[in-house]
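Readers should treat all values here as calculations from the given coordinates under stated rules, not as data from a laboratory. Worth saying up front: this structure is predicted, and the values here are computed from it rather than measured. Neighbour counts run over all protein chains shown; Cβ positions are idealised from the backbone, glycine included.
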RNA sequence: GCGAACGUGGUGAAGUGGUUAACACAUCUGGCUGUGAACCAGACACUCGUGAGUUCGAUUCUCAUCGUUCGCCCCA
């Protein structure tokens, strides 16, 4: 095994791509804060049961995708495959629900782990940003979460995002619907694919997700959730749609949308986006309402709603559509010392500009010809070049050159910060 | 987990059963001992993913393995 290889399904992030991640994450964070959310950082490790009970035994994630192991103390632990269950555990354990300020609004950001076959936009370790709004059952709260997610995607510059929504109904609706599906598929299941056969046993709702074309005609004629919704769930979904209309959020109702995590009920949604390259990343974000998750994990009866974004997919889509131009690294000034005698003086000037002036400054440590240093300055996105040689050291001055216009000034070191301030002000004035 | 394609330098990539592995960009050195270009002359693949096999000889053929990409499945 070659240790100079990253683990399958993981990836390194650096340089410009790292800037893109930082930009995306800080955009998401600041918009979540606009909506009144606070950050939480649950641990990566949880007892496996948090997920098997939270996410659900019948979900693929729990059945075959978790990184589960025994630690040296014999505890059965799992690297989180998603955040929601762990956050519910955090909320219950720390009694964050014991407040009169519900809903609790929490956002999170960090890596999650799923043992899947890697593919375009799909990793075994990837990053999710998401929110949970816990303790309020209003359909308007569902909608607010959707609006937040939609706002984030728009702010990142994505146009033409498709929002798909559906309702899974409450417990009564789901039980009735499940029964109806079982009854319907009982006659056909013999002719359907192997996956559907196991779904039939575990969770017949999942059959609706089947993509095998031979199965489609049977599935298309299957009972629809709409016909089994309780009055209450029906009204709730109407309220959700009305609120989205009022807030002018475009959406499509997709009654085949069921989601792969067992805790969802009532409203569920997904965001899809086709980048210009036509690459298919699947959903770039998804979420929904969950009615019983808190209780399931031993907390109080309290509903919640949340979503999560796949950071990798969003960064890829932004890159495909060239929406990352302004995330390139840049410098205010690049210092070019001529000859090794100038290096210490150059460092002094750099420290002065950075600490007193607040400018982003780098300098050339290599002894190389000046034409090379200019090239490096440009490559690093520097606005100014600063040349320091023997004459400058003797005069306590530097040559300051604006790289785009090629204007050039000889400036005393003591005046350098002021001069840069002045030049930046002038530029502001010109705009 | 199933099916398929691919894996040559920092990058994009040609190529052949036989020993100098094209070409281009980038980088570096010198021509030009203090100003970003152009030009000229040079440099740059310790294992052609890794391991084994066939062969007098393999980067080229075979197998395995790892990885990437695509479809299925699933999901963010």
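What distance in nm lies between label points placed 7 Å from Cα along the C-beta direction at residue A:63 and residue A:182?
With each label placed 7 Å out from Cα toward Cβ, I get 1.6 nm.
Just A:358, A:385, A:190 to compare: in a GNM of chain A, with alpha carbon springs under 10 Å, which one fluctuates most?
A:358
Can you pull the Rg over Rh of segment A:256-295, Cα-only, Kirkwood?
Rg divided by Rh gives 1.12.
Which values of log₁₀ I(q)/I(0), to two decimal places, follow from the Debye formula for segment A:266-351 at q = 0.11, 0.17, 0.23 Å⁻¹ with a uniform point scatterer at every Cα?
Here the Debye-derived log intensity ratios amount to -0.61, -0.83, -1.06.
Name the most mobile residue of A:274, A:221, A:375, meaning the one with the largest mean-square fluctuation, in a Gaussian network model of chain A with Cα contacts below 10 Å.
Most flexible of the set in this elastic network: A:375.
With the crude spin-label approximation of a point 7 Å out along Cα→Cβ, what separation in nm comes out for residue A:197 versus residue A:242?
Placing both labels 7 Å along Cα→Cβ, they lie 4.8 nm apart.
Among DSSP bridges having both ends in chain A, what percentage is antiparallel? Round to the nearest 5.
So the antiparallel bridges amount to about 80 percent of the total.
Kindly provide log₁₀ I(q)/I(0) values, in the same order as q = 0.19 Å⁻¹, from the Debye equation applied to equal alpha-carbon scatterers of segment A:108-195.
-1.10
Got a sec? Which residues in segment A:27-52 would a label at residue A:93 touch, if it sits 7 Å along Cα→Cβ and we count backbone N under 20 Å?
From segment A:27-52, the list is A:38-52.
Using only the alpha-carbon atoms of segment A:100-145, report the extent along each of the three principal axes, biggest first, to the nearest angstrom.
For segment A:100-145, the Cα spread along each principal axis is 43, 18, 13 Å.
Counting pairs of alpha carbon atoms under 8 Å apart in space and at least six apart in sequence, what relative contact order in percent does chain A give?
Across chain A, relative contact order equals 15 percent.
How much length would be gained if the chain were fully extended between residue A:370 and residue A:234, taking 0.36 nm per residue of separation minus their Cα-Cα distance, in nm to one decimal?
Here the segment from residue A:370 to residue A:234 would lengthen by 41.7 nm.
Note down the nm distance, to one decimal, between modelled labels 7 Å out along Cα→Cβ at residue A:347 and at residue A:279.
My value for the distance between the label points is 4.2 nm.
When each pair of different Cα atoms in segment A:67-114 is counted once in the 1/r mean, what is the Kirkwood radius in angstroms, to one decimal?
12.7
Identify which of A:302, A:28, A:88 has the largest mean-square fluctuation in a Gaussian network model of chain A, with springs joining Cα atoms closer than 10 Å.
A:302
Given 0.36 nm per residue, what is the gain on full extension from residue A:403 to residue A:151 after removing their alpha carbon distance, in nm?
My answer for the length gained is 86.9 nm.
For residue A:391 and residue A:427 in the same chain, what is the full-extension length gain: residue separation times 0.36 nm, less their Cα-Cα distance, in nm?
Extra length from residue A:391 to residue A:427 when fully extended: 10.0 nm.
With Rg and the Kirkwood Rh both taken from Cα atoms, where does Rg over Rh land for segment A:330-426?
On the Cα set of segment A:330-426, Rg over Rh gives 0.92.
Per the Kirkwood definition applied to all pairs of different Cα atoms, how many angstroms is the hydrodynamic radius of segment A:366-407?
11.0
Beyond 41 Å, what share of the Cα-Cα pairs of chain A is found? Please give it as a whole percent.
34
Where does segment A:212-330 land on Rg/Rh, using Cα atoms and the Kirkwood Rh?
Rounded to two decimals, Rg over Rh is 1.05.
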